[in-house]
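A short worksheet on the structure shown next.
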Amino acid sequence: FVESANRNISVDLMQQQQVSVESEIQLQPKGWSRTSQELLAHYEARLLNHIGIPFKEYQVPLKSDVEGMSNLSSEYINTVEMTPDGESQDKPILVVIHGFASGLGVFVNTYAPLTKSFKVYAIDILGFGRSSKPSFPDLNDQGLSAEKVFVDSIECWRLALGLGPLVLCAHSFGGYLATSYALRFPQNLAGLVLVDPWGFPLPPDPTTLPPPTMRRRIFAVLSTSIRPLSILRAAGPLGPTLFQRMRKDLWERRFAGIGEGDEVRQYLYHANVQCTGDQGFCLLLAPMAFAKRPLLSRIIVKAVEEQATGISAPIKKKCIIGTLTGMSKGTDTPDSNASTTEGEDIAREAVERGLDPELPITLIYGSLSWIDSTTGDRIRELRGDSPTFVEVIPGAGHHVYAEQTELFVEAVLRSANRLRRTNPTSEDPAKSA
C-alpha cells in the first residue's frame, strides 16, 4: 500500500549509498521566505545520512474510510523506518514523535541505539516537517476539533501500515498528542514514553497571583492570538538570519551534536517556515503557554469515576465534570459548587474513555528544563498503583534527546521492560524514586 503511493520516497542504505543530492537549480531558495520543498528534503536527507544503519523513508497516505475519523483523505505522514540487518520481528514497535516547531530529523542520533530493544519508526506530525500541510478547524471548541485532527492522523497512519500495539515515544507537544491518543485508543498501545511533555499542568488560579506586569499581559495576548511561527515567515529573506540569531542556544549548545555544520539549523528553518501545524497548536494553547485542556485534569477521571461507585450514572457524571471544572480553576480538589456547564466539553471525552490504568507510562525530564519534573511525580501519585515511572536526566534541558543522548537512550531502553507484557517491579529505581 505504502510502496505504491505516488508520494512514496524510499531511502535505503543497505548498500551504504548516500542520499542523492538534488540539482543546484532545484535547491535555489524560492518565494518570500526563501524556501522550497526541495531544500527541506535536501537538508533532511543530509541529517538522515547520520543515522548509521539502514532505513527507509516514505510518505504514508492516510486512510479515509475509517468511521468517526476526520476527513484526511488528501493527507499523508512522512515516515522513517529503521531496517537494521538481522532485525528480530519480535521486538516491540517504538514510534518516535517530535515536539513543536521540529521534525523527525532532530532525533537522528537516537534511532540506531534504540533498535537494540525496539522496531523503530519516526514520523513528522501532521502539518510539520515533510508531512502534508492541512489547515486546522477553528470551531471555538477549546481546540477539541484541532486535537482530533492531530490524533486521528496518528491512528490513520497506524491503520495504513497495519501496526500495533505501539509504544509512543513523544517529546514536548508530541507528548501531549501521544497522551491524547492514549485517552482515545488505549487498546492500540503497549506503553507511553513521554519526554519533557507539554500540556499537563493546570493553569494557576488568577486570584492567587500578583497583578500581571504589562510585559506579561502583552505576552499572554500574543501567545494565543498570533501563530507562533508567523513572525519567522513574515521576516521573509531575513528569516534565516533571524532564526540563527534568536536561537543561538540551540545551534551552539543543545543541537551542537546533531549533524554537521549548519544542517540542523537549515533543516529546522525550512521545516518551520513551511509548516501549518503551528495553527493547530495555537488552537490548543491557553495564555502563558498552558494547554486549554490540561492533561492532568483528564488522566485522573478514571480514578474519580471509580471513587463515585454506588451512585446513579447522571450524578456520577456530574460529580466527575464538577471535579474537572474545579481543577480547571487551578485547584487540586473538586469544587462541589462548580457548574456542570463550565468544563463539560473538557470532561466529556475523558468521562467516556479515561486513561487505561494498566497502561505503563515512563516520563523522562531534563533536570535543567523549563518543564517542571514535579508534574511527573504528580502524575505518578494520581495514577496510584498504575505503572508510572519518572526519570530525570541530569544536565539536560528541554531537548533531552539532544543534550544527553546516551542517558536518554538508556532511559527509553529501560521502558522496554515495563510494557504491558511485563509486570513492573517495585525495585525499579524510577518507580521508587
### Query
Given (1) open to solvent by 10 Å² or more (accessible area, probe 1.4 Å); (2) not in a strand (DSSP E or B), where does Ser131 come up short, assuming only one miss?
(1)
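Within the group Leu126, Leu161, Leu168, which residue is out of contact with any strand residue (DSSP E or B) (no Cβ under 6 Å at 6 or more places or on another chain) and closer than 21 Å to Phe281 by Cβ?
Result: Leu126 is the single residue among Leu126, Leu161, Leu168 that is out of contact with any strand residue (DSSP E or B) (no Cβ under 6 Å at 6 or more places or on another chain) and closer than 21 Å to Phe281 by Cβ.
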### Message
Looking at Ser102 and the list (1) under 22 Å from Arg184 (Cα atoms); (2) at pLDDT 95 or above, which single condition is not satisfied?
### Response
(1)
#### Entry: Failed criterion for Gly86 (all others in (1) open to solvent by 10 Å² or more (accessible area, probe 1.4 Å); (2) modelled with pLDDT of 95 or more hold)
(2)
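The rows are residues; the columns are (1) closer than 25 Å to Pro165 by Cβ; (2) of a type in the set (Phe, Trp, Tyr); (3) in contact (Cβ under 8 Å) with a residue 40 or more places away in the chain.
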| residue | (1), (2), (3) |
| --- | --- |
| Glu67 | yes, no, no |
| Pro113 | yes, no, yes |
| Phe128 | yes, yes, yes |
| Asp138 | no, no, yes |
### Residues within segment 71-93 that are closer than 20 Å to Glu410 by Cα and touching a helix residue (DSSP H, G or I) at 6+ places or on another chain (Cβ under 6 Å), tallied
1
### Conditions (1) modelled with pLDDT under 50; (2) in contact with a Pro (Cβ under 9 Å, 6 or more places away or on another chain): number failed by Ser336
(2)
#### Entry: Answer residue from segment 274-284, given it is touching a residue at least 60 places away in the same chain (Cβ under 8 Å) and open to solvent by 10 Å² or more (accessible area, probe 1.4 Å) and is farthest from His98 (Cα to Cα) among those
Leu283
### Query
Here are some residues: Gly310, Gly395. Which one is on the phi > 0 side of the Ramachandran plot and modelled with pLDDT of 50 or more?
Gly395
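Return the residue satisfying two criteria in turn: it lies in segment 254-273 and is in a loop (DSSP other than H, G, I, E, B) and without any contact (Cβ under 8 Å) to a residue 24 or more places away in the chain, and of such residues it is surrounded by the fewest Cβ atoms within 10 Å (Cβ to Cβ).
Per the stated criteria, the residue is Gly261.
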### Message
Can you report the number of residues in segment 1-58 which are part of a loop (DSSP other than H, G, I, E, B), at pLDDT 75 or above and under 19 Å from Leu232 (Cβ atoms)?
### Response
5
#### Entry: Matching residues, segment 136-153, being of a type outside the set (Ser, Thr, Tyr), open to solvent by 10 Å² or more (accessible area, probe 1.4 Å) and part of a helix (DSSP H, G or I)
Leu144, Lys148, Val149
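The values are calculated or read from the model by the stated rules, or taken from the named source; none is laboratory data. Nothing here was measured: the structure is a model prediction, and the numbers come from that model. Backbone-built Cβ (ideal geometry, glycine too); neighbour counts: all protein chains shown. The accessibility values were calculated without ligands, DNA or RNA, using every heavy atom of the protein model including side chains. Shrake-Rupley method; radii C 1.70, N 1.55, O 1.52, S 1.80 Å.
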